[in-house]
Amino acid sequence: MFCDNNLSQALRASCARERVCGYNVKMHNWLLPEYIEDVLPAEAARLEHYRRQLLDLFRVHGYQYVMPPMMEYVESLLTGTGHDLDIATFKVVDQLTGRLMGLRADTTPQAARIDAHMLNHQGVSRLCYAGTVLRTQPDGLARTREPLQLGAELYGHAGIASDIEVQQLMIKALQLLGLNTLYLDLSHVAIFAALSHSAQLETHQEVALQAALQSKDIAQVKQLVAKLPQKSQQAFIGLTQLHGGREVLAQAREVLPETPEILDALRALEAVADQLSHAHVTVTFDLSELRGYHYHSGIVFAAYAKGYAGPLALGGRYDEVGAAFGRARPATGFSLDLRGALHALGPAIPEQAILAPAVDDPSLSDAIAALRAQGQIVVEALPALEVYPQEMNCDRTLAKVDGHWQVIALSAKTAS
């Protein structure tokens with residue numbers, strides 16, 4: 001899919017000019033599509049290091065690792081997930097069946113399918129995953145169309161205890177990455193749903209108003225609610241102002257109607273904030289945050305940190321997604337893009353290695369094996385080839401001193 005069809009008109013013209021001039025057009029074969037990039041050794045090593053650590057963290061909390069396929073029929077990937085995921089998904093035609101298939105843009109629907117059909121547990125299921133997803137538009141902090149998504153999902157429990165569990169796990173995951181000054185932003189989609197129901201909004205009105213609230217366009221919100229009853233107008237406009245600390249919940253009780261759904265939602269948000277008060281995270285609220293409104297069904301949350309322009313991780317409750325697979329199950333979870341989360345930490349620093357000379361000596365082989373058993377990186381030089389220690393990230397070498405192989409620093413002359 002990412003081939004000649006995606007070349008811009010300017011690049012086509014450039015290729016044509018080069019053919020005329022006698023240049024080899026193959027010089028362009030190394031180009032990658034926009035927002036798709038290679039991950040080079042130092043960054044790849046850092047990504048893999050943290051991927052393993054995060055999966056180990058999930059494992060000790062009882063989350064079982066699953067590896068869904070990269071490609072599925074679009075019905076499985078998109079049913080019940082809303083319009084946003086549809087337009088984010090690359091689609092291809094299956095040459096075996098003629099059916100439309102999609103390259104996953106999010107792993108959560110796949111995990112829900114696995115819980116509903118492959119495992120079919122009667123009790124609680126905890127699943128985790130780590131893998132690449134593909135998106136039609138660049139997304140996240142790394143501005144890539146190929147995020148490395150890690151996440152954890154909990155199925156089979158409808159109470160806030162499971163929401164709190166996955167939020168605490170998300171906080172631990174981000175802290176493991178070295179992100180200690182965290183902010184957790186909470187909302188609850190039931191508040192907007194209750195307001196929409198009481199105002200008897202048509203579907204197109206609800207969609208337009210949700211989009212205006214999500215984009216924080218107060219002028220557009222006022223325009224869209226202008227013909228609604230006065231109480232509904234005040235509630236929707238008031239929703240745009242309900243963001244900040246714990247005081248937001250008290251303000252919401254004054255501004256919003258006292259319907260059972262809204263009061264339950266506010267109590268749930270308050271209970272979550274109480275439980276997270278000792279998690280070394282600052283809890284805030286934004287009751288006009290409606291990301292994934294047609295996908296989520298309860299509390300939604302996003303994690304932020306100082307120095308990052310966007311959310312590090314996203315999550316929420318999505319009790320209705322399992323119904324698309326014939327088995328509705330309460331569900332809550334979160335996911336993060338590991339490439340994006342590590343993006344603001346600065347460039348990865350290559351691990352330094354030890355250079356072993358090309359010498360036929362059994363004692364050298366023993367010394368190399370002992371160092372590798374300790375987790376040291378040892379690069380063996382090859383016979384009759386010039387050695388470039390810096391290219392191999394070698395800052396030390398093995399040298400025989402008084403009959404024993406020892407690790408010594410490479411001299412400035414040797415390393416240059």
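Given H placed on each backbone N at 1.01 Å, which residues far from L179 in sequence or on other chains put an amide H within less than 5 Å of it?
none
Going by alpha carbons, how many degrees (0 to 90, nearest 10) lie between the helix axis of 9-21 and the longest principal axis of the chain?
Here the helix axis deviates by roughly 30 degrees.
Quick check: convex hull of the Cα atoms in segment 152-212, volume per residue, rounded to a whole Å³?
In segment 152-212, the Cα hull volume divided by residue count equals 136 Å³.
So how do 43-53, 173-183 stack up, highest first, on mean other-Cβ count within 10 Å?
Ranked by mean Cβ neighbours within 10 Å, highest first: 173-183, 43-53.
Going by the alpha-carbon gyration tensor, a ≥ b ≥ c the square roots of its eigenvalues, is the chain rounded (a/c under 1.5) or, if a/c is not under 1.5, prolate (a/b greater than b/c) versus oblate?
In terms of gyration-tensor shape, prolate.
How compact and how long is segment 353-415, expressed as Rg and Dmax of its alpha-carbon atoms in Å?
Answer for segment 353-415, Rg first and Dmax second: 11.1, 30 Å.
Amide H neighbours of E380 under 5 Å, counting only residues 5+ apart in sequence or on other chains, H built in-plane at 1.01 Å?
A356
Using θ = phi - 60° and the Karplus curve 6.51 cos²θ - 1.76 cosθ + 1.60, what whole-Hz ³J(HN,Hα) does each residue of segment 190-202 get, with Gly and Pro shown as x?
5, 5, 5, 4, 5, 5, 5, 5, 5, 7, 6, 6, 6
Given H placed 1.01 Å from N in the peptide plane, which residues other than close sequence neighbours of M101 have an amide H under 5 Å from its amide H?
V74, V92, V93, D94
Using the Cα centre of segment 329-416 as origin and beta-carbon charges of +1 (Lys, Arg) and -1 (Asp, Glu), tell me which of P357, Q406, Q374 is placed farthest towards the positive end of the dipole.
Towards the positive end, the residue furthest out is Q374.
Along segment 55-67, what does the Karplus equation 6.51 cos²θ - 1.76 cosθ + 1.60 (θ = phi - 60°) give for ³J(HN,Hα), rounded to whole Hz, x for Gly and Pro?
These are the phi-based 3J(HN,Hα) values: 5, 5, 4, 4, 4, 6, 9, x, 8, 8, 7, 10, 10 Hz.
Going toward the positive end of the dipole of segment 260-385, with +1 on Lys and Arg Cβ and -1 on Asp and Glu Cβ, which of G326, L263, I299 do you reach last?
Positive-most Cα among the choices belongs to L263.
How would you classify segment 37-183 from its alpha-carbon gyration tensor, with a ≥ b ≥ c the square roots of the eigenvalues: rounded for a/c under 1.5, else prolate if a/b is greater than b/c, otherwise oblate?
In terms of gyration-tensor shape, oblate.
Taking all pairs of different Cα atoms in segment 112-265, averaging 1/r and flipping that mean, what Kirkwood radius in angstroms comes out?
18.8 Å
Among L47, H243, A273, whose Cα projects farthest towards the positive end of the dipole of the chain, with charges put on the beta-carbon of Lys, Arg (+1) and Asp, Glu (-1)?
Of the listed residues, the answer is H243.
Just to be sure I understand: of the beta bridges DSSP finds with both ends in segment 353-415, what percent are antiparallel, rounded to 5?
Around 50 percent of the beta bridges assigned by DSSP in segment 353-415 are antiparallel ones.
So how far, in whole Å, is the C-alpha centre of segment 187-244 from the one of segment 263-331?
Cα centroid to Cα centroid, the span is 19 Å.
Tell me, what HN-Hα J-couplings in whole Hz come from the Karplus equation 6.51 cos²θ - 1.76 cosθ + 1.60 at θ = phi - 60° for each residue of segment 90-96, using x for Gly and Pro?
5, 10, 9, 9, 5, 5, 8
How large is the convex hull of the C-alpha atoms of segment 251-359 per residue, in Å³?
It comes to 207 Å³ per residue, whole-number rounded.
Every number in this text was worked out from the coordinates using simple rules, so none of it is lab data. These figures come from a predicted structure and were not determined experimentally. We place every Cβ from the backbone using ideal geometry, glycine too, and count neighbours over all the protein chains shown.
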